[in-house]
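Asks: One structure follows; several queries about it will come next.
The values are calculated or read from the model by the stated rules, or taken from the named source; none is laboratory data. Predicted model only: the values in this text are computed from it and were never measured. Glycine also receives a Cβ, built like all others from the backbone with ideal geometry; neighbour counts cover every protein chain displayed.
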Amino acid sequence: MIEPLKVHPATEPGRADAATLGREFDNAGLAYYTWGNGPHDRYAEHTHPFEKTLVCLEGRIVFHVPGQADLVLQPGDRLVLPPYTRHAATVGPHGVRCIEAHRPVLTATASPR
């Protein structure tokens, strides 16, 4: 059975520092970037071929994952989406700004015989 996804709450509510998070992602060897959306923007259901880590910097965004309760991210909260996880999202009433990192999926290669 696959364990449900969960939001990892901010250790210090209301504090999310893009520079500190960027260093964390750099140290882990992950590509990352920041992005934002306006109030009530929506993302249709989709997947990604990589692990996606999101940290909310400002505002609010709600992730909708089939078969489980909505996942609400507020400043400092973190969500890790495994590769190929179906999800949609709705931005909160004041918009959102996040930092996002991607971890590529490692694929096995055939070894010569």
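Asks: Touching a Phe, Trp or Tyr at 6+ places or on another chain (Cβ under 7 Å) and either part of a strand (DSSP E or B) or β-branched (V, I, T) (or both), is that true of A88?
Replies: yes
Asks: Scan the range 51-79 and report the pairs whose first residue is surrounded by 19 or more Cβ atoms within 10 Å (Cβ to Cβ) and whose second residue is at pLDDT 95 or above and of a type in the set (S, T, Y), with Cβ atoms within less than 6 Å and a gap of 6+ or a chain change.
Replies: From residues that are surrounded by 19 or more Cβ atoms within 10 Å (Cβ to Cβ), there are no pairs.
Asks: Out of all the residues in the range 1-50, which are small (G, A, S), exposed (fewer than 11 other Cβ atoms within 10 Å of the Cβ) and touching a residue at least 40 places away in the same chain (Cβ under 8 Å)?
Replies: Hits for the range 1-50 are G14, G38, A44.
Asks: What tally of residues in the range 47-74 results from selecting those that are outside any strand (DSSP E or B) and in contact with an Asp or Glu (Cβ under 6 Å, 6 or more places away or on another chain)?
Replies: Within the range 47-74, residues that are outside any strand (DSSP E or B) and in contact with an Asp or Glu (Cβ under 6 Å, 6 or more places away or on another chain) number 0.
Asks: Okay, next question. Take the range 10-46 and flag every residue that is assigned to a loop (DSSP other than H, G, I, E, B) and at pLDDT 90 or above.
Replies: Result: A28, G29, L30, G38, P39, H40, D41.
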